[in-house]
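The values are calculated or read from the model by the stated rules, or taken from the named source; none is laboratory data. Because the structure is a prediction, the values reported are computed rather than measured. We place every Cβ from the backbone using ideal geometry, glycine too, and count neighbours over all the protein chains shown. Just the protein is used for accessible areas: all its heavy atoms, side chains included, with ligands, DNA and RNA removed. Shrake-Rupley method; radii C 1.70, N 1.55, O 1.52, S 1.80 Å.
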Amino acid sequence: MRRRILRSMLAVLTVTTVVFGVPLTYLAWLWVEDITRGDLRGRLDRAATEIVLQEGPDGRVDGGLDLRSVRAIVPVDGRLTIVYPTRLDNAARADIGVPSVEDPLVESLAMGASGSLRLEVPAAPMKEMQRQAAAVVALAVLASLAAAATVAVVTARRVADPLRDVAARAARLAMGDFRPDPRRHGISELDRVSDVLDSATVEIAGRLQREHALVADVSHQLRSRLTAVRLRLDELSAHYDPEVVHEAEEAMAQVDRLTEAIDDLVRASRDEDAADRDPIPVMEELRAVIEEWKPPFGEVGRRLVLAGDESLRARITPSRLREAVTVLVDNALMHGGGTCTVSVRAVRPGFAREPLVCVEVGDQGEGVRDELAPHIFDRGFSAGGSTGVGLALARALIEADGGRLELQQRRPAMFRVFLGSSVTGKPVSVAPEPR
């Protein structure tokens, strides 16, 4: 940002210097010439006055001009030519000064019936003065440009450095660093932003602390209730009826899986990032979800199928992946129709530079209505009488590990979960993106 600000300011200064510097230099050039010519005209006026004083009553000069008073007016290296009337010659001529002038600068004065004057001086001194004046103006312009550039550098640093500090502080806040920063930069707007960030830091830290405490309390209460339920089921497992024993054992298995899922979610909520974890086999994690949901699909005469590349791995929290896919499978059971297919493959979407692991969950039902599609991930929105939390929770779980959850197709419905760079021990077959 500092470079952009500096470049902008220097560009404005350069344009301003050119716009004003060139005319000023030209004016200095003309000013020197005007002064020189004004001096010559003043000398001609004085010489004309001396000549007029020597004229007789008839306007003519008798006995020739007295050039002593006029000679002092002529510059050392100049030449004055006087044309004046006498009784014998109406155009008598007198020359004062050097015989000839090289590269002359000429000024003339017509005196009517009293004759005319022509003063010549070398133009070289005037041109030298013009060059000096132009150089002085150019140096002044360059000095002002250098001073302005220095001010621009200081201003750019004064503006850009605080902005970079505030941006870095906001980035630290986004990464979970809630330490306050007492630094201020003397710029009221940025200091106001820093004050707001301080307030946001305190508020977010307090909310996260309360949420973590609430999650811990809720998980503790759930585990306590589940333990009590399991004890009751354990008593039923001693029943004389084999069917009751079988149902009790299945229920205990469900309770154990639910307890494990709660523990995984609590651990995942304390671990902010999955980037440093070891990659997990995606198909292996999803197989447990499919086996759990096959019976409900079978009860309504539908099939749940898992297909994909067994070698694909991704750095993601296993519990988050299982819960997100569970939400999608549950939605397919409740609102979809036909066979529900969960497939795992490597794709290269337009927003990614490298292949990503993609989990697709689709069915053969009527799909999502057009008016509902933009809102299905909004928390609390539901068109089927449910709580409207499931899809919003699934997206939050996937995004917590840096992934993405999207509605790829409306009819029939197909959701895509992008899990990050594909990791495998063999070359990845990248599936082409559908158009």
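Residues being farther than 27 Å from PRO125 by Cβ and part of a strand (DSSP E or B): count how many of those fall in the range 78-95.
So the count comes out to 3.
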(message) Could you go through the range 425-434 and let me know if any residue there is modelled with pLDDT under 70, of a type in the set (Gly, Ala, Ser), on the phi > 0 side of the Ramachandran plot and open to solvent by less than 70 Å² (accessible area, probe 1.4 Å).
(response) no
(request) Could you list, in sequence order, all residues of the range 143-189 that are free of Cβ contacts under 8 Å to residues at least 12 places away in the same chain, more than 20 Å from the chain's Cα centre (by Cα) and in a helix (DSSP H, G or I)? (result) ALA143, ALA146, ALA147, THR150, VAL151, VAL154, SER188
(request) Please go through the range 393-402 and pick out each residue that is open to solvent by 10 Å² or more (accessible area, probe 1.4 Å) and either under 31 Å from the mean Cα position of the chain (by Cα) or modelled with pLDDT of 90 or more (or both). (result) ARG395, ALA396, LEU397, GLU399, ALA400, ASP401, GLY402
(message) Please go through (1) at pLDDT below 80; (2) within 17 Å of VAL327 (Cβ to Cβ); (3) out of contact with any helix residue (DSSP H, G or I) (no Cβ under 7 Å at 6 or more places or on another chain); (4) not small (Gly, Ala, Ser) for ILE262 and return the number of the only condition it doesn't satisfy.
(response) (3)
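Yes/no per residue for (1) within 28 Å of LEU13 (Cβ to Cβ); (2) open to solvent by 40 Å² or more (accessible area, probe 1.4 Å):
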site: ALA134; (1), (2): yes, no
site: VAL137; (1), (2): yes, no
site: LEU145; (1), (2): yes, yes
site: ALA148; (1), (2): yes, no
site: VAL153; (1), (2): yes, yes
site: ARG157; (1), (2): yes, yes
site: ASP165; (1), (2): yes, yes
site: ARG172; (1), (2): no, yes
site: ARG183; (1), (2): no, yes
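Which residue is surrounded by the most Cβ atoms within 10 Å (Cβ to Cβ), if the candidates are limited to the range 57-72 and must be modelled with pLDDT of 70 or more and of a type in the set (A, V, I, L, M, F, W, C)?
Residues of the range 57-72 modelled with pLDDT of 70 or more: 57, 60, 65-72.
Checking the rest, the ones that are also of a type in the set (A, V, I, L, M, F, W, C) come to 65, 67, 70, 72.
Values: LEU65: 19, LEU67: 18, VAL70: 22, ALA72: 12.
Restricting to residues being modelled with pLDDT of 70 or more and of a type in the set (A, V, I, L, M, F, W, C), the top hit is VAL70.
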(request) Check whether at least one residue in the range 49-56 is part of a loop (DSSP other than H, G, I, E, B) and open to solvent by less than 30 Å² (accessible area, probe 1.4 Å), and report yes or no. (result) yes
(request) Keeping to the range 96-111, report how many residues are outside any loop (DSSP other than H, G, I, E, B) and open to solvent by 70 Å² or more (accessible area, probe 1.4 Å). (result) 2
(message) Of everything in the range 11-26, what is open to solvent by 70 Å² or more (accessible area, probe 1.4 Å), touching a residue at least 40 places away in the same chain (Cβ under 8 Å) and closer than 14 Å to ALA133 by Cβ? Give them in sequence order.
(response) LEU24
(message) Name the residue that is nearest to GLY390 (Cα to Cα), counting only residues in the range 275-321 that are among the hydroxyl-bearing types (Ser, Thr, Tyr) and not in a helix (DSSP H, G or I).
(response) THR317
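Residue-wise test of (1) open to solvent by 50 Å² or more (accessible area, probe 1.4 Å); (2) under 17 Å from LEU405 (Cβ atoms); (3) at pLDDT 90 or above.
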residue	(1), (2), (3)
PRO279	no, no, no
ILE290	no, no, yes
TRP293	no, no, yes
GLU299	yes, no, yes
ARG315	yes, yes, no
SER319	no, yes, no
THR326	no, yes, yes
GLY338	no, no, yes
SER343	no, yes, yes
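Scan GLU211, GLU249 and give me the residue that is open to solvent by 70 Å² or more (accessible area, probe 1.4 Å) and at pLDDT 75 or above.
Values: GLU211 fails: at pLDDT 75 or above.
Matching residue, one of GLU211, GLU249: GLU249.
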